[in-house]
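We did not get these values from a lab; they are worked out from the coordinates using the rules stated. The shown structure was predicted, so the numbers you read here are calculated from the model rather than taken from an experiment. Here Cβ is always computed from backbone atoms with ideal geometry, including for glycine, and neighbour counts include all displayed protein chains.
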Amino acid sequence: MTVLSWKAPSWSFLAFWLLWSLASARTPPAAAVASAHPAATEAGMEILRAGGNAFDAAVAVSAALAVVEPYSSGLGGGGFWLLHRASDGRQVMIDGRERAPLAAQREMYLDEKGEVVPGLSIDGPLAAGIPGEPAALAHIARRYGRLPLARSLAPAIRLAREGFEVDAHYRRMARFRLGVLRRHASTRGIFLKEGEVPPLGWRIRQPGLARTLEQLAEKGREGFYAGPVARKLVNSVRRHGGIWTLEDLKAYRVVEREPIVGRYRGYRVVTAAPPSSGGVVLVEMLNMLAQKQLARLSEADHIHFMIEVMRRAYFDRARYLGDPDQVEMPLQKLLSEEHARRWVAGIHMDRATSSAALDFPKREGQDTTHFSIIDREGNRVAATLSINYPFGSGFVAEGTGVLLNDEMDDFSAKPGAANVYGLVGNEANAIAPGRRMLSSMTPTFVEHPEGVAILGTPGGSRIITMVLLGLLEFIEGHGPSDWVSRKRFHHQYLPDQVQFEPGAFSSRVRRRLEEKGHVLKPLERPYGNMQAVFWDRKGNRVEAASDPRGIGLASVLPENIQPR
Ligand code: DON
């Protein structure tokens with residue numbers, strides 16, 4: 001774990017904290033859950049009503065999402081749970097990220113000519129990292145929860161057994177991955193109807209997954225990582241060309257990591273630490289934005305500056321970031337004001353920088369989910385969970401109901417080769433036995449004496465810029481429905497283009513950006529699925545919002561408090 005050096009705090013920072021601690025005696029007037037699926041939000045509310053805290057609710061929501069959003073996250077995947085414990089102010093990131101199997105090899109996705117074999121790191125059991133979510137749920141329940149794990153898993157077990165109804169979103173996702181869903185009988189039998197995308201209203205029942213969840217409920221992590229479930233997982237993976245061993249499962253450990261903390265215009269930003277790149281890239285972008293008087297810029301210049309900031313932070317992502325347990329990262333330098341100042345000095349306001357001109361050393365030594373929760377004591381959770389691509393690897397380990405991830409694609413298969421999100425990487429994110437693959441997931445708290453925001457979203461490489469845009473909406477004084485619905489744009493260093501949602505830029509702004517030399521890539525569809533909670537300390541209210549692009553639900557308890 002990286003420890004950043006200590007610097008004497010400024011007077012304004014001390015004043016901030018004095019205000020903060022005076023205000024922090026208060027607790028929220030309501031609890032809230034925002035998640036990407038109504039059944040998962042309801043599972044969280046059920047656990048809060050039963051006397052559980054935000055951490056118990058997080059276990060319930062994660063497990064329910066594993067059942068009703070099989071295309072996004074699950075027991076066969078992993079994620080990051082950012083926690084704030086009100087009683088002592090402890091803030092920690094639970095790292096339940098997948099790890100490469102111990103038999104993984106650096107060039108396992110390349111052919112004899114050294115070229116990346118398409119699909120190998122995306123479809124089937126060879127694409128699957130060792131799951132972290134079951135261990136993380138057991139850990140959160142034991143260390144931070146108030147209720148037994150079995151109680152918090154009960155709603156998910158019920159949903160798996162009774163089934164959930166196919167909706168239009170499920171059908172879209174299943175159509176997108178139909179080829180791979182058809183490939184294995186164990187997957188086909190659960191997620192398709194006679195080999196086709198099921199009709200609206202069809203019930204997806206998962207008795208196998210219910211039994212696996214029961215094993216977890218009964219035995220804790222041992223119910224998944226040892227005994228019959230572990231044996232079935234390994235046998236099935238190996239039978240279909242994968243490389244997992246029982247040792248991989250036994251060796252898996254959750255890691256508690258210190259979150260990345262940044263400051264921007266009087267706000268404290270608490271966010272994901274490596275092996276997610278999210279927090280480092282987010283704080284780097286904020287540090288660069290802080291160098292400029294943004295209010296003085298025209299709209300086109302403001303957007304141009306943000307694009308240049310995104311380009312540079314994503315360059316550092318590709319260049320430096322990886323698993324903190326295995327690679328050295330210059331985090332202190334990357335997060336410093338000096339580094340931001342140096343980057344900003346190279347930004348021309350009249351023209352786009354070419355990404356190719358940034359010196360990237362080639363050699364040197366849809367889908368995912370997010371939820372946000374607050375309880376009446378002020379405990380908070382921001383969690384982003386993933387099995388990577390929609391329906392992960394498309395492979396259900398026989399006899400377990402567990403759909404495995406294809407998170408191995410988040411590694412850099414070879415330096416400079418783009419992954420499924422177009423991201424490039426370097427030695428720091430090369431495949432190595434037991435290594436955690438670099439993520440973009442960015443669960444985040446934004447804290448100020450007047451209010452606290454809890455937010456995050458899925459969206460692959462675009463997660464970090466979405467969190468940036470949502471966070472800036474909060475800082476501009478807008479409410480959570482604006483954070484989640486704001487039109488989005490994105491630059492990730494390579495490919496060297498500005499992606500943007502329909503309606504994100506006026507034609508005037510587009511023209512101005514093109515004049516400066518930006519390559520614009522209009523997207524046909526909106527992207528992201530942000531889930532946000534706002535504790536307005538000044539107004540003594542709690543609000544929650546779910547991205548209108550998705551089918552999620554934000555609920556506040558007591559339910560009579562309506563969002564503004
Ligand atoms: O960890 C990551 O960065 C990716 N596996 C996240 C994938 C994702 O968000 C897909 N969602 N649309």
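Taking other residues whose beta carbon is less than 12 angstrom from the beta carbon of GLY241, and scoring Lys, Arg as +1 and Asp, Glu as -1, yields +2. Roughly how many Å is it from the Cα centre of the range 499-526 to that of the range 205-242, as a whole number? Computed from Cα coordinates, the inter-centre distance equals 47 Å.
Counted over all Cα-Cα pairs of the range 183-325, pairs farther apart than 18 Å make up 74 percent. For the range 251-358, trypsin sites (Lys or Arg not before Pro) are listed when DSSP marks them as loop and at most 16 other Cβ atoms sit within 10 Å of their Cβ; the list is ARG253, ARG265, ARG351. Mean sequence separation of contacting Cα pairs (under 8 Å, at least six apart), scaled by the length of the range 213-311, corresponds to a relative contact order of 14 percent. Shown here: the range 30-137, whose C-alpha atoms stretch 59, 31, 17 Å along the first, second and third principal axes, sorted largest to smallest.
The modelled label-to-label distance for the pair ARG253/ALA50, using points 7 Å beyond Cα in the direction of Cβ, is 3.1 nm.
Across the chain, the convex hull enclosing all Cα atoms gives 140 Å³ per residue.
Rg and Dmax of the range 352-469, both derived from C-alpha coordinates alone, stand at 17.6, 54 Å.
The relative contact order of the range 100-203, computed from alpha carbon pairs under 8 Å that lie at least 6 residues apart in sequence, is 19 percent. Taking N as the residue count of the range 458-564, its C-alpha radius of gyration divided by 2.2 N^0.38 Å amounts to 1.23. Within straight-line reach of LYS516, meaning a Cα separation under 15 Å, sit the following aspartates and glutamates at least 8 residues removed in sequence or on another chain: GLU299, ASP301, GLU308, ASP350, ASP496.
Considered as an equivalent ellipsoid built on the Cα gyration tensor, the range 180-237 has semi-axes of 27, 15, 6 Å, the largest given first. Packing, as the average of other Cβ atoms within 10 Å across residues, places the peptides 143-153, 105-115 in the order 143-153, 105-115, highest first. Normalising the average separation of contacting C-alpha pairs (under 8 angstrom, six or more residues apart) by the number of residues puts the relative contact order of the range 503-564 at 22 percent. If both residues of a DSSP beta bridge must be in the chain, then about 95% of such bridges are antiparallel. Computed over the range 303-418, the alpha-carbon pair-distance distribution with 10 angstrom bins reads 10, 26, 31, 24, 8, 1, each value a whole percent. Judged by the mean number of other Cβ atoms found within 10 Å, the most tightly packed of the peptides 87-94, 28-35, 202-209 leads the ranking 28-35, 202-209, 87-94. Loop-located trypsin sites (Lys or Arg not before Pro) in the range 448-493 (DSSP state not H, G, I, E or B) with no more than 13 neighbouring Cβ atoms inside 10 Å: LYS487.
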